[in-house]
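The next block holds one structure in the form of C-alpha cells; read it before the comments.
The values are calculated or read from the model by the stated rules, or taken from the named source; none is laboratory data. As the structure is a prediction and not an experimental result, all values here were calculated from the model. Backbone-built Cβ (ideal geometry, glycine too); neighbour counts: all protein chains shown.
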C-alpha cells in the first residue's frame with residue numbers, strides 16, 4: 001500500500017482528503033505545516049507527498065523540494081498558482097493540481113504521480129534493492 005504524506009493547513013480540507021485517500025487504500029500521514037512535514041520526511045519514508053501550495057509557515061514548494069532531495073515525488077495542490085508564479089516561483093518544475101479539487105480528480109492525480117514514480121528510471125527494481133551485496 002503506497003504511503004502518502006498529506007500536507008494541508010486547513011483542518012477541514014486535510015480531514016476530507018485524508019479520508020478520500022484512506023478509502024482508496026492509501027496509507028496516509030498528515031501535517032499542517034512545512035516544519036512538521038519536513039520533520040516527517042526526515043524520519044519516515046513516503047511514496048508521494050501531497051501538499052498545499054500555501055501553508056501558514058511557508059509554501060508547498062519547500063516541502064516538495066525537501067521530498068525531491070530524498071527522491072520522493074510530490075504533487076502540489078493550490079488555488080494560488082498565478083500568485084505563486086507572480087511571486088517568482090518556477091512552477092514548471094512541479095507537478096501541480098489546481099483547487100478546487102473533486103475527490104475523483106485528486107485520486108486520478110495521485111495515481112498518475114505514483115505511476116510516474118514507479119517507472120524504472122525513477123526507482124530501483126525490487127530485485128535490485130534486495131540483491132545481496
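Among the residues of the range 72-83, are any modelled with pLDDT under 80 and either crowded, with 17+ Cβ neighbours inside 10 Å or under 15 Å from residue 18 (Cα atoms) (or both)?
Checking the range 72-83: at least one residue is modelled with pLDDT under 80 and either crowded, with 17+ Cβ neighbours inside 10 Å or under 15 Å from residue 18 (Cα atoms) (or both).
Can you tell me how many residues within the range 1-36 are outside any strand (DSSP E or B) and either touching a helix residue (DSSP H, G or I) at 6+ places or on another chain (Cβ under 6 Å) or closer than 16 Å to residue 106 by Cα (or both)?
The total comes to 18.
Which residues, taken from the range 100-114, are exposed (fewer than 13 other Cβ atoms within 10 Å of the Cβ) and either at pLDDT below 90 or in a loop (DSSP other than H, G, I, E, B) (or both)?
Selection gives 100, 102.
If you take the residues of the range 17-35 that are free of Cβ contacts under 8 Å to residues at least 60 places away in the same chain and over 14 Å from the mean Cα position of the chain (by Cα), which of them is nearest to residue 100 (Cα to Cα)?
19
Restricting attention to the range 33-52, does a residue exist that is under 23 Å from residue 112 (Cβ atoms), surrounded by 15 or more Cβ atoms within 10 Å (Cβ to Cβ) and modelled with pLDDT under 95?
Yes, because at least one residue in the range 33-52 is under 23 Å from residue 112 (Cβ atoms), surrounded by 15 or more Cβ atoms within 10 Å (Cβ to Cβ) and modelled with pLDDT under 95.
Out of all the residues in the range 37-81, which are touching a residue at least 24 places away in the same chain (Cβ under 8 Å), in a helix (DSSP H, G or I) and farther than 20 Å from residue 111 by Cβ?
37, 38, 40, 41, 61, 62, 63, 66, 81
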